[in-house]
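Novice: Below you will find the structure I want to go over with you.
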Amino acid sequence: MNGTSTCASWSPSTADGREAGPRSTCLPASPEDADALERLAQLDGVRLPREPLLLAEVDDKLHAALSLSLSLSDGRVLADPFHGRQLPQA
């Protein structure tokens with residue numbers, strides 16, 4: 001995704017500091033994410049949630065999007081069904 005507005009990024013590590021698993025990142029969606037979000041909505045079989053969106057990436061691949069809309073009709077999660085709906089834990 002855009003990579004310029006990262007709000008959180010983490011990767012499990014071993015005792016000696018080496019990465020032990022995939023790198024997870026949460027960041028706000030930007031206009032450049034539109035195509036990836038459209039593909040994710042198609043995979044999940046739902047319409048795109050209302051903006052603004054918070055994205056969850058694993059190793060730079062979009063896995064989920066959460067609507068941060070204050071609308072009572074939203075606050076939905078859009079997720080790749082092949083990776084589940086659980087976001088990585090920090």
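Novice: Hey, among the residues in the range 31-60 that are basic (Lys, Arg) and loosely packed, with under 13 Cβ neighbours inside 10 Å, which one's modelled with the highest pLDDT? First the steps, then the outcome.
Specialist: The initial filter retains those residues of the range 31-60 that are basic (Lys, Arg), namely 39, 47, 50.
Next cut, loosely packed, with under 13 Cβ neighbours inside 10 Å only: 39, 47.
Working: Arg39: 94, Arg47: 88.
Filtering first and then ranking leaves Arg39.
Novice: Then there's this: Just give me the residues in the range 67-90 being within 13 Å of the chain's Cα centre (by Cα) and either on the phi > 0 side of the Ramachandran plot or modelled with pLDDT of 90 or more (or both), in sequence order.
Specialist: Gly84
The values are calculated or read from the model by the stated rules, or taken from the named source; none is laboratory data. What you see is a predicted model, and the numbers here were worked out from it, not measured in a lab. For neighbour counting, all protein chains shown are included, and Cβ atoms are generated from backbone atoms with ideal geometry for every residue, glycine included.
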